[in-house]
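Visitor: One structure coming up, written as structure tokens, with questions to follow.
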Amino acid sequence: MSQTKKLTVAGICLALAFLLPFLTAQIPEIGKTLAPMHIPVIICGFLAGPLYGAGVGFLAPIARSLFLSMPPMYPMALAMALELCAYGLAAALLHRLFKKNMSLTQNVYISLVLSMVIGRIVFGIAMYFMLMASGKSYTINMFINGTVLGAIPGIILHLLIIPPIVLAIKRSNVLGKE
């Protein structure tokens, strides 16, 4: 795929990552649970590659925080920037790694699941160190309840939405060869 197409995909995904949280803005708990900003970031990683996926992931929460004060910059937007950067990067790298060893469908699902695990671990580590630096604590129970158990509806949503979108775009060859 050409750099122009990758940049276009990244721009569209960044715009979607900025706009999709408006769908849940009236009920912030639903936004935290469904994580709409994660969807275009992961899709960007699959379609545009690791640098664009990581870049969109890092920029999206920081841009929303700067322009809309949501999420709050510290610690949430910064931790999310690292988490989403990890999602975009991991989805792309795992997708490339598994490319020759499995079908496209298997590849997308396995890469997605593993990138979600990696991103959540990065978020937990980031929160731990940022809160520790400000004299607060972030316990394993907080991580499990908020980042794992509290995210189950979002995880299910991502498993239902992201693979069909990625598979349809890749199979259509609308973006050209990788």
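The values are calculated or read from the model by the stated rules, or taken from the named source; none is laboratory data. None of these values were measured; they are calculated from a predicted model. We place every Cβ from the backbone using ideal geometry, glycine too, and count neighbours over all the protein chains shown. We work out accessible area using only protein heavy atoms, side chains counted, and drop any ligands, DNA or RNA first. Shrake-Rupley method; radii C 1.70, N 1.55, O 1.52, S 1.80 Å.
Visitor: I'd like to verify a number: residues in the stretch 17-31 that are at pLDDT below 85 and open to solvent by 90 Å² or more (accessible area, probe 1.4 Å), how many?
Guide: So the answer is 2.
Visitor: Inspect the stretch 131-148 for any residue being at pLDDT 95 or above, of a type in the set (Val, Ile, Thr), in contact with a helix residue (DSSP H, G or I) (Cβ under 6 Å, 6 or more places away or on another chain) and not in a loop (DSSP other than H, G, I, E, B) and give the result as yes or no.
Guide: no
Visitor: Further, regarding this structure: Which one of these does Leu104 not meet: (1) open to solvent by 40 Å² or more (accessible area, probe 1.4 Å); (2) modelled with pLDDT under 95; (3) under 21 Å from Ile39 (Cα atoms)?
Guide: (2)
Visitor: Helices (runs of 4 or more DSSP H) wholly in the stretch 1-72 with at least 1 residues that are under 20 Å from Ala168 (Cβ atoms) and under 14 Å from the mean Cα position of the chain (by Cα) - which ones?
Guide: 3-19, 38-48, 50-68
Visitor: Of all residues being outside any helix (DSSP H, G or I) and of a type in the set (A, V, I, L, M) in the stretch 149-178, which is farthest from the chain's Cα centre (by Cα)? Just the residue, please.
Guide: Result: Val174.
Visitor: Please state which of the following conditions Ala86 fails to meet, knowing it meets all the rest: (1) hydrophobic (A, V, I, L, M, F, W, C); (2) surrounded by fewer than 19 Cβ atoms within 10 Å (Cβ to Cβ); (3) part of a helix (DSSP H, G or I); (4) without any contact (Cβ under 8 Å) to a residue 40 or more places away in the chain.
Guide: The failed condition is (2).
Visitor: List the number of the failed condition for Ser115; all other conditions in (1) closer than 24 Å to Ala63 by Cα; (2) modelled with pLDDT of 95 or more; (3) polar (S, T, N, Q); (4) out of contact with any Phe, Trp or Tyr (no Cβ under 7 Å at 6 or more places or on another chain) hold.
Guide: Exception for Ser115: condition (4).
Visitor: For the stretch 39-59, does any single residue satisfy the condition of being touching an Asp or Glu at 6+ places or on another chain (Cβ under 9 Å) and open to solvent by 40 Å² or more (accessible area, probe 1.4 Å)?
Guide: No, every residue in the stretch 39-59 fails to be touching an Asp or Glu at 6+ places or on another chain (Cβ under 9 Å) and open to solvent by 40 Å² or more (accessible area, probe 1.4 Å).
Per-residue answers, yes or no, for (1) of a type in the set (A, V, I, L, M, F, W, C); (2) touching a residue at least 60 places away in the same chain (Cβ under 8 Å); (3) open to solvent by 70 Å² or more (accessible area, probe 1.4 Å):
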| residue | (1), (2), (3) |
| --- | --- |
| Ser111 | no, yes, no |
| Ile121 | yes, no, yes |
| Gly124 | no, no, no |
| Ala133 | yes, no, yes |
| Pro153 | no, yes, no |
| Ile156 | yes, no, yes |
| Lys170 | no, yes, no |
